[in-house]
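The values are calculated or read from the model by the stated rules, or taken from the named source; none is laboratory data. None of these values were measured; they are calculated from a predicted model. Cβ placement follows ideal geometry from the backbone for every residue including glycine, while neighbour counts extend to all protein chains displayed. What goes into the accessible areas is simple: the full protein's heavy atoms, side chains included, and nothing from ligands, DNA or RNA. Shrake-Rupley method; radii C 1.70, N 1.55, O 1.52, S 1.80 Å.
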Amino acid sequence: MSAAVTSSEPRVSSLELFFDLVFVFTITQLTSLLLSDPTLAGLLQMFLLFGNVWWMYGGYAWLTNAVPPRDIAVRLLLLVGMGGFLLIALAIPTAFGNGGIAFGVGYLVVTLVHTGLFLQSSRQSIVSAVRRLGPFNLITAGLLLVAGFTSGGARLLLFALGFVLHWITPFLIPQSSFSIRAGHFVERHGLILLIALGESVVAVGIGLGAIQLPLGRIVAALLGLALTAALWWLYFSGNEERAEAALDAAQGVRKFWLALNAFGYAFVPILGGIVLLAAGVKLAVVRYNEPSTVAAAVFLAAGVAIYLAGLALFRWLIHAHAVPLTILLGFLAIITTFIGLKTTPVVQLAALVAIVIAGNVAETRAGSLR
């Protein structure tokens, strides 16, 4: 089979969609962790947890691309992996406390299933690649499991080591031609992003809870939804088609590195920004008519800015247009921090909505002139 697999092959299955629903809970838990400790220490913990989890979660997108879940055995093992991710998500708020062991056990289950299923591929190039990658993933899973039996700085160090080892692994092993079904791969990651953006909407509901609904709070909730929709618009306005075309055109090892860089490294700030934004929206909805706290203002501005920075990198990698405009929008988003600190979260949300919508309109108009 050639390295360039046509995108007419079967795309994302219902089981994969079901599997990805766990990611909503994962993002919710990361947001809750950040809200419980809105400090630099809490931000570092969230970042280390997210970095480790996203490596393996993204790895399952690679897995089902190489081993489609058609056989009963594969489907059952994917459900086992789903259970492992659920355990990870449940343990996230206490991963640096008494939930560390549960997190490590869930991570080990997820890693074992991932490696085992990958070895079932009928493509020798994929099996060979996983035999090189698998031991590194298992070492990291071991580090995170051991971390559960430690505390304080030792646990933090082990999580940091796991994070670093995961993301430098591709540079430590020789890479071969890795067949990728471009259509499936792009669609699967787009759905993961869509699910993560949906968590921002969930954050609005969680933020409201059973409290009263004065007009100002309703406006804050609607602005949170509008901001999420505007960020959705930025990504799903042609980037998927360009990414699929770029993957289809790439050959050999270039295909592997393009997939890893665009949907691995670039997705770290994209998805991480959504976690920050969800935390900021929740704070904004709850305290809509009060002076914005530093945490709320920073989470809202940094969440959008980091998302846009990741999107700019993604667009650059797939040779899409509007990279300078995306960077400009991120810079303007950062400036809204001062708006939030001087006024209320609602005003800052309105400013962010205006900035991102203006960017979308500018991109649409520029596209129509080409």
Revision key, fill the gap. Over the stretch 47-106, the set of residues open to solvent by 10 Å² or more (accessible area, probe 1.4 Å) and hydroxyl-bearing (Ser, Thr, Tyr) is Thr94
Check your understanding: Which of the residues that make up the stretch 294-321 are open to solvent by 40 Å² or more (accessible area, probe 1.4 Å) and in contact (Cβ under 8 Å) with a residue 60 or more places away in the chain?
Key -> His319
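Quick one: is Ala41 buried (at least 20 other Cβ atoms within 10 Å of the Cβ) and modelled with pLDDT under 95? Write out each step before concluding.
Details: buried (at least 20 other Cβ atoms within 10 Å of the Cβ): no; modelled with pLDDT under 95: yes.
Considered against the rule, which asks whether it is buried (at least 20 other Cβ atoms within 10 Å of the Cβ) and modelled with pLDDT under 95, Ala41 comes out as no.
Based on this model, can you work out whether Leu77 counts as farther than 25 Å from Val294 by Cα and either of a type outside the set (S, T, N, Q) or in contact with a helix residue (DSSP H, G or I) (Cβ under 9 Å, 6 or more places away or on another chain) (or both)?
Details: farther than 25 Å from Val294 by Cα: yes; either of a type outside the set (S, T, N, Q) or in contact with a helix residue (DSSP H, G or I) (Cβ under 9 Å, 6 or more places away or on another chain) (or both): yes.
Taking the combined requirement at face value, the residue satisfies it.
What number of residues within the stretch 141-190 satisfy the criterion of being in contact (Cβ under 8 Å) with a residue 60 or more places away in the chain, of a type in the set (Phe, Trp, Tyr) and open to solvent by 50 Å² or more (accessible area, probe 1.4 Å)? Give the derivation first.
Just the residues of the stretch 141-190 that are in contact (Cβ under 8 Å) with a residue 60 or more places away in the chain, to begin with: 144, 156, 159-160, 162-163, 166-167, 170, 175-189.
Next, from what is left, pick out any that are of a type in the set (Phe, Trp, Tyr): 159, 163, 167, 178, 185.
From what is left, the residues that are open to solvent by 50 Å² or more (accessible area, probe 1.4 Å) are none.
Adding up the residues that qualify gives 0.
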Review point. Somewhere in the stretch 333-341, is a residue outside any loop (DSSP other than H, G, I, E, B), more than 18 Å from Leu283 (Cβ to Cβ), out of contact with any Phe, Trp or Tyr (no Cβ under 6 Å at 6 or more places or on another chain) and open to solvent by less than 30 Å² (accessible area, probe 1.4 Å)?
Key: no
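Select from the stretch 115-126 the residues that are open to solvent by 10 Å² or more (accessible area, probe 1.4 Å) and in a helix (DSSP H, G or I) and write down the one among them that is nearest to Gly97 (Cα to Cα). Can you show your working first?
Kept after step one, since they are open to solvent by 10 Å² or more (accessible area, probe 1.4 Å), are these residues of the stretch 115-126: 115-116, 119-125.
Keeping just the survivors that are in a helix (DSSP H, G or I) gives 115-116, 124-125.
Numbers: Thr115: 28, Gly116: 30, Gln124: 42, Ser125: 41 Å.
By that ranking, first place goes to Thr115.
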Practice item. State which residue is farthest from the chain's Cα centre (by Cα) when the search covers only the stretch 237-285 and only residues that are at pLDDT 90 or above and among the β-branched types (Val, Ile, Thr). Key: Val281
Practice item. Taking the options Leu49, Leu63, Leu76, Leu86, name whichever one is free of Cβ contacts under 8 Å to residues at least 12 places away in the same chain and either part of a helix (DSSP H, G or I) or closer than 22 Å to Leu158 by Cα (or both). Key: Leu76
**Study point:** Matching entry among Ala95, Ala102, Ala129, Ala147 (being among the aliphatic types (A, V, I, L, M) and touching a Lys or Arg at 6+ places or on another chain (Cβ under 7 Å))
**Key:** Ala147
